[in-house]
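The values are calculated or read from the model by the stated rules, or taken from the named source; none is laboratory data. All of these numbers come straight from a predicted model, not from anything done at the bench. Here the Cβ is made from the backbone with ideal geometry for all residues, glycine too, and neighbour counts use every protein chain on show. We work out accessible area using only protein heavy atoms, side chains counted, and drop any ligands, DNA or RNA first. Shrake-Rupley method; radii C 1.70, N 1.55, O 1.52, S 1.80 Å.
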Amino acid sequence: MPDVSTETPARPTRIALIGAPNCGKTSLFNALTGANQRVGNYSGVTVTRKIGQAQTPGMNTLQITDLPGTYSLRARSPDEVVTRDIVLGTRQDADPIDLLMIVADATHLRPGLRLAKELGACGLPLLLVVNMIDIARHRGIEIDLDRLSEELGIPVVASTAVRRGGTDALWQEFDRLIEAGLPERSASDWTSPSAADLRRNLREADRIIAHAVTTPAHHRSLSERVDALLLNPVAGPIILLLIMFAMFQAVFAGAAPVMDAISALIEALAATVSQLLPDGILESLVVDGAIAGVGSVVVFLPQILILFAFILILEDLGYMARAAFLMDRIMGHAGLHGRAFIPLLSSFACAIPGIMSARVIDDERDRLTTILIAPLMTCSARIPVYTLLIGAFVPARHIGPGIGLQGLVMFALFAAGVISALLVAFISRMLFRRNEIPAPLMLDLPDYKLPQLRGVALGLWQRAYAFLRRAGTIIFTASIVVWVLSTFPYPPAGATEPAINYSFAAMLGHLLQPLLAPIGFTWEICVALIPGMAAREVAVAGLSTVYAVSGGEAALGHALAAQWSLATGVSLIVWYIFAPQCLSTLAVIRRETGSARWMWIAVGYMFALAYVASFAAYHITAALS
Amino acid sequence: MELRQLDSIDHPVSLGEARKGYCGRVRCLLPLPGTGRLAPEEMERRLIEMGFIEGVDVSVIHEGPFGRDPIAVRVGTATVAMRRRDAMAILTE
């Protein structure tokens, strides 16, 4: 019998990281936990929960929580409520904290020190980490850590999250604190600070800085010189446009070879599986249902990853706050915040992460508006549908040097998404929020920093995982449902038409057709739209099933061009700009707004827009041609 | 700060109307009721959290490309982007 230790393993020491936005908290968290972290949600709220495990050199186990960035414990947004509740130990679904680690930016200590003064009342053992010390030293800023520690009455350590060995002192401090025995938390006498309390804490922070920090005479930092160009009233917007243009080029052109490779892989997989499995219902389920359905979505992974790589890098660089600054006025006309720019930009990849990143908007009503218009941005799932329909109905002509008509239509469709989103926001402001004063915009423009490969890679992996999980669950289920609907019941003996024409899907399509006939949809389109409700791009697979076309998109395009009038094609394209055909997006709207009401409002207004716009497009095109 | 105390400030300039290149020192925070969505008390707290406090040096270092709004304000070691209407609450001299 193996030797069983009678000693119970020591409970990990639970540490939480707290700090103002942009203090380098997340890169420190990544440096401490490596890839050893779990990302989830706190129950009942849409706040990202990040927990990692780590082991100190002294073999103490740590469980580290990255709390959302906050200026104070005052809890102005759902994120900050979670931070406050965890710090005060009142949250049921989070383990109580043993040590609170305040992260402060060495080049910008004020908010961190003010927070440290405020947190002194919360009853937890505190540790102040002066992060990015290398940048501060490089700028000639000298920080007397002992003096800081003495003034604040808590241990203080310097660190550089992004350098090898930059966290050594921190690891040693963990061991020292744990071996000395962390004091039990005492009762908290924290109360929500008034303006006078905040003022006193900030004055105290300024006094400590005056004693402990020597800053060389001010010279223009690199960030200021870069900003002189990037925030220039003329050059700034042009550079922003160029960056966005480069981003879309990379998303569409750069992803193409990888996407082709993935398609080829999926086709090869389907071919292998159909050889292995006996002909019949099981083969059809696996190949036509599961592999074709999930495969049609997984193909978009490269595009989504490229877009997110851009967004993560720009975010890490500190450029996103500048983009919000440049765009604020334009967004403001639509009643939105400059900050809404980031969620809307993310929605070009997929509305789901876009809607989730609307969490950065602290005003509830602005956040709701952003969430409701995010699905109008042209997400990558629309691209295959657009590509198919443009290929089928728009002639491949050049209308100028290097400008193809098809590409121009694609661009117009993207622009239509953006313009309609801003218009919807503007109209809703005029209708419902006419006399409302806009919420304040106060946005920290952090110093520029080189993005960390590791942080970007980790962020990309987390997004890829979330996307593939969605493909494996929702889209897989939808693919199976669609397969069942379009396979059963079997056609009668001696049937001449494609089998799908006898299926449930056909029945549903015929049922819907009178409703959609005024906008020029054939019953076949109605059938394809049913699976397309699960995810937009599935409609392409749906159409190829309905028209029983095999041989890829080009063949399908020919078939469609032969069977539909131009007006029908245009009408369907326009339908896709607006229609809320994505169950996952609707589910996320429900989750993020906390009510089904907003989800139904989104469904209602988007279908109404789609119907009206398609109706107009159908009849105008029919009259012209 | 009481309104009548404003008389004691020489050449008060609200940060909301300062142009690019303006340098000054915060004299007081005076969010007025009805000028913003937030109550004046809350607005004051947010301004303090962003680092605006009596006596701190501020300068307007950038103006937005459209209508010179918003502005980027250097306050201490931080740069804060804010709309002019919100910056009206910061009186400087």
Once normalised by the length of chain A, the mean sequence separation of its alpha carbon contacts under 8 Å that are 6 or more apart gives a contact order in percent of 10
Take the Cα atoms of region A:13-214, find their three principal axes, and give me the spread along each one in whole Å, biggest first.
45, 42, 30
If ligands, DNA and RNA are left out, what is the accessible area of A:ILE419 with a 1.4 Å probe, given in Å² to the nearest 10?
100
So for R0 = 51 Å, FRET eff. of A:GLU204-A:PHE432 from the Cβ-Cβ r, to 0.05, ends up at 0.70
Sites B:HIS11 and B:LEU32 - FRET efficiency at Förster radius 22 Å, r taken between beta-carbons, to 0.05:
0.65
Give me a single rounded figure for A:327-337: the average over its residues of other chain Cβ atoms within 10 Å of their Cβ.
3
4 °C / 1.567 mPa s Stokes-Einstein diffusion coefficient of chain A, Kirkwood radius on C-alpha pairs, µm²/s:
47
Rounded to the nearest 500 deg cm²/dmol, what is the calculated helix-only ellipticity per residue at 222 nm for chain A, with -39500 (n - 2.57) per DSSP H run of length n ≥ 4?
-18000 deg cm²/dmol
Using a/c under 1.5 as the rounded threshold, could you call region A:466-617 rounded, prolate or oblate? The axes a ≥ b ≥ c are square roots of the C-alpha gyration tensor eigenvalues, and prolate needs a/b larger than b/c, oblate otherwise.
oblate
Expressed in µm² per second, the diffusion coefficient of region A:527-620 from the Stokes-Einstein equation, with Rh the Kirkwood radius over alpha carbon pairs, at 20 °C and 1.002 mPa s, is 149
Peptide ranges A:131-140, A:531-540 listed from the most packed, as the mean C-beta count within 10 angstrom indicates:
A:531-540, A:131-140
Along the Cα→Cβ direction, 7 angstrom out, place labels at A:ALA616 and A:TYR490. What is the inter-label distance in nm?
5.0
Residue separation between A:GLU283 and A:ALA35 times 0.36 nm, minus their alpha-carbon distance, gives in nm 85.4 nm
Which whole-Hz couplings ³J(HN,Hα) result when phi for each residue of region B:57-66 is put into the Karplus expression 6.51 cos²θ - 1.76 cosθ + 1.60, θ = phi - 60°, listed in order with x for Gly and Pro?
7, 10, 8, 8, 9, 9, 10, x, x, 10
Counting only residues 5 or more apart in sequence or on a different chain, those whose built amide H sits under 5 Å from that of B:THR79 are A:LEU445
Descending semi-axes in whole angstrom, ellipsoid equivalent of region A:206-320, from the Cα gyration tensor
53, 19, 9
Please work out the C-alpha center-to-center distance from region B:16-61 to region A:409-461 and express it in whole Å.
25
Expressed in whole Å with the largest first, what are the equivalent ellipsoid semi-axes of region B:37-77 derived from the C-alpha gyration tensor as the square root of 5 times each eigenvalue?
21, 16, 6
So, R0 is 25 Å and r is the distance between the beta-carbons of A:LEU242 and A:VAL418; what FRET efficiency does that work out to, to 0.05?
0.90
Over the alpha-carbon set of region B:13-92, work out the extent along each principal axis and list the three values in angstrom, largest first.
29, 27, 20
Among all the lysines, which ones have a C-alpha under 28 Å from B:LYS20's C-alpha, if same-chain residues fewer than 8 places away are not counted?
A:LYS449
Provide the packing ranking of A:330-341, A:10-21, i.e. peptides ordered by the mean count of other C-beta atoms within 10 Å per residue, highest first.
A:330-341, A:10-21
From phi via Karplus (6.51, -1.76, 1.60), per-residue ³J(HN,Hα) for region A:371-382 in Hz, x at Gly/Pro:
4, 6, 9, 3, x, 7, 5, 6, 7, 5, 6, 6
Shielding by partners, peptide A:222-231 (average Cβ within 10 angstrom, other chains)
2
Accessible heavy-atom area order of A:HIS211, A:HIS108, highest first, probe of 1.4 Å
A:HIS211, A:HIS108
If the chain between A:ASP260 and A:ASP95 were fully stretched, how many nm would it gain, using 0.36 nm times the residue separation less the Cα-Cα distance?
54.7 nm
